[in-house]
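Structure, as structure tokens:
Throughout, read-outs are computed from the coordinates displayed, never taken from laboratory work. The structure presented is a predicted model; accordingly, all values stated were derived computationally and were not measured. Here the Cβ positions follow ideal geometry from the backbone for every residue, glycine too, while neighbour counts run over all protein chains shown.
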Amino acid sequence: MGEATVRLLREHGWEVVGVARRADRLEALAASTGCDVFVADITQQGDVDALAAYLRDLGPVHALVNNAGGARGMGSVEESSVDDWQWMFDVNVLGTKRVTSALLPLLRASWTPGTSVDILTITSVAGYVTYEGGGGYNAAKFAERALVGVLRLELAGEPIRVIDVAPGMVQTEEFSLNRFGGDKAAADKVYENVQEPLTAEDMALAIVGALELPHNVSVEQLTVRPVAQAAQHKVIRGELKPR
């Protein structure tokens, strides 16, 4: 989703800095889009501090898209790995906090009258509805959603929009593969016979659309699901057609 969002923002004329851990992927993204890039692991405070310093020197920052996240494991609360939970909290919750805290001063300094600056965080429907096997990811995404909600209250009175975009079923290259420890068969089964699950490009349209609304319009929370997913627990497998 991050890569697709960078591509769409660049198509719309934004100057973009893509941030990720893997330098090779960033270099390929920069070559194909003309974006700027910065290698950083948001679970490391030193990397986040270096990112903030880089952006401070680069110029004004008008929007932050907190995209980093992920799930590991589908074990029960009783049997799941504490290490998996630790990783999910560090990436989904503490990573979002680290980057938001580091970049807020830059966002404030970039504001001009008649405009807004934005903090958009990609959470998940898993932060709204629990499901069996989702204990660690549910807990992390509920916490991330709470972080976003509190931040919106704390920034009330400032021209800063705090936006929560919560995807449902999105079929991307790595999310389910990582969750199932590299088991491709298990990852593919999640989307088996689901008509048109969301793509990263679909999500980029929602993200960029929220950022480009008039400055007085704030999308507080946007849930985005494929038509085949009526709810967290109700996914239609097979052809969608009128009754």
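Points worth noting:
- Per-residue Cβ neighbour rank within 10 angstrom, fewest leading, LYS141, LYS97, LYS184: LYS184, LYS97, LYS141
- For the stretch 1-79, the list of GluC sites (Glu not before Pro) that fall in a loop by DSSP and count at most 15 other C-beta atoms within 10 angstrom reads GLU15, GLU78, GLU79.
- The residues packed around ASN193, meaning those with a beta-carbon under 11 Å from its beta-carbon, carry a net charge of -1 if Lys and Arg are +1 and Asp and Glu are -1.
- Only lysine pairs 8 or more places apart or on separate chains count here, and in the chain those with Cα atoms under 26 Å apart total 7.
- When the charge dipole of the chain is built from unit charges on Cβ atoms (+1 for Lys and Arg, -1 for Asp and Glu) and taken about the Cα centre, the candidate among MET88, ALA140, THR43 whose Cα reaches farthest toward its positive end is ALA140.
- Net charge of neighbours whose Cβ lies under 9 Å from the Cβ of ARG152, counting Lys and Arg as +1 and Asp and Glu as -1: -2
- Taking the DSSP beta bridges with both ends in the chain, the antiparallel portion is around 10 percent.
- Separation between Cα centres of the stretch 116-142 and the stretch 176-243, rounded to whole Å: 14
- Using alpha carbons only: equivalent-ellipsoid semi-axes of the stretch 35-164, gyration tensor based, whole Å: 30, 17, 10
- The alpha carbon radius of gyration of the stretch 1-76, expressed as a multiple of 2.2 N^0.38 Å, is 1.19.
- Average Cα contact separation per residue, the stretch 1-155, under 8 Å, 6 or more apart, as relative contact order %: 21
- 10 Å binning of all Cα-Cα separations within the chain, expressed as whole percents from 0 upward: 7, 30, 38, 20, 5, 0
- For the stretch 128-229, the equivalent ellipsoid derived from the Cα gyration tensor has semi-axes of 29, 18, 10 Å, listed largest first.
- Cα-only radius of gyration and Dmax that characterise the stretch 49-121, units Å: 16.2, 53
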